[in-house]
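The values are calculated or read from the model by the stated rules, or taken from the named source; none is laboratory data. Since this is a predicted model, take the numbers as computed values, not measurements. Cβ sites come from the backbone with ideal geometry, for glycine too, and all protein chains shown count toward neighbours. We work out accessible area using only protein heavy atoms, side chains counted, and drop any ligands, DNA or RNA first. Shrake-Rupley method; radii C 1.70, N 1.55, O 1.52, S 1.80 Å.
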Amino acid sequence: MALSRALFLFSLIVTIFSTMAMAKDFVVGDKNGWTLGVDYQTWAANKVFRVGDTLTFNYVAGKDSLVRVNGSDFQSCSVPLTAPVSSTGRNTILLTTTGRRWYISGFANHCKSGQKLVITVLPQQQDAWWSPVPSPSASPLPSSTPAPEAAPPSNAPWAAASVPRRSLLQKKLFQIFNRNMIAV
Ligand SMILES: *[C@@H]1O[C@H](CO)[C@@H](O)[C@H](O)[C@H]1NC(C)=O
C-alpha cells in the first residue's frame, strides 16, 4: 500500500519534471537579430537545439531575407529557385526534425559576408532518465486514500499512526529515486 502511494507520488514528480522540460524559443542573434556583422556560429556555439524548440529570426522587412538551404548551398551561398525564402521581417520556425539545418540570408551579398547559421537539432529530451521505472499510471490512487501531502488534523485519532507510514513512504520514494539514478 505504501509502495503504490510512493509510486503515485513518484509519477506526480515525474509529471512535474517532464512539464519543466519545455520547448525553448531561441531568438537568433538575440538583440542583434538576423543581420550583417553577427557571428551566428558563435551565437549558436553554447546552445542545445532540440525538436520542439523554435528559432525566431528578426530583421528589417524588405532589407534582408531568410532562406533555408542544404549544406552545399550553405557553403556556396547560393539560393536555389525552389528554396523557401521569407522577407517578412520576422519568422518563427518550429524545429520538427533532428539533424542539421542551414539558414542563409538571400539578400544582396549578406551570406557571402557571413550572415549564415548552421545548427544541429537533437531529439526531444524526454523519457530518458525515468524510463526504467514501470508506469505508475496503471494503478490510480484509491479515492479513499488522502493525498500524501495533506497533513492530518492533529487531534484525529489516527494521526499518530500515520506518522510512521509517512516516513516509510519517504524511505520508499528515496529508494526508488536512488535505484533510478543508478540505472541511468
Ligand atoms: C542542395 O540543393 C541543390 C539545389 O537546391 C542541389 O542541386 C544539390 O544537389 C543539393 N545538395 C545536397 C548535398 O543535397
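Criterion first (open to solvent by less than 70 Å² (accessible area, probe 1.4 Å) and not acidic (D, E)) does V60 satisfy it? For V60, the condition - open to solvent by less than 70 Å² (accessible area, probe 1.4 Å) and not acidic (D, E) - is not met.
Identify, please: which residue in the range 71-86 is open to solvent by 70 Å² or more (accessible area, probe 1.4 Å) and farther than 19 Å from W34 by Cα and is, among those, farthest from the ligand (Cβ to nearest atom)? Once the filter is applied, the top-ranked residue is L81.
Kindly provide the set of residues from the range 87-101 that are loosely packed, with under 13 Cβ neighbours inside 10 Å and either within 11 Å of the ligand (Cβ to nearest atom) or under 26 Å from the mean Cα position of the chain (by Cα) (or both), ordered by number. Passing the criteria: T92, L94, T96, T97, G99, R100.
Yes or no: W34 of a type in the set (F, W, Y), away from the ligand (no atom under 16 Å from the Cβ) and either surrounded by fewer than 16 Cβ atoms within 10 Å (Cβ to Cβ) or part of a loop (DSSP other than H, G, I, E, B) (or both)?
Details: of a type in the set (F, W, Y): yes; away from the ligand (no atom under 16 Å from the Cβ): yes; either surrounded by fewer than 16 Cβ atoms within 10 Å (Cβ to Cβ) or part of a loop (DSSP other than H, G, I, E, B) (or both): yes.
Yes.
Of F57, F49, all but one fail to be more than 12 Å from S105 (Cα to Cα), among the aromatic types (F, W, Y) and more than 16 Å from the ligand (Cβ to nearest atom); the exception is F49.
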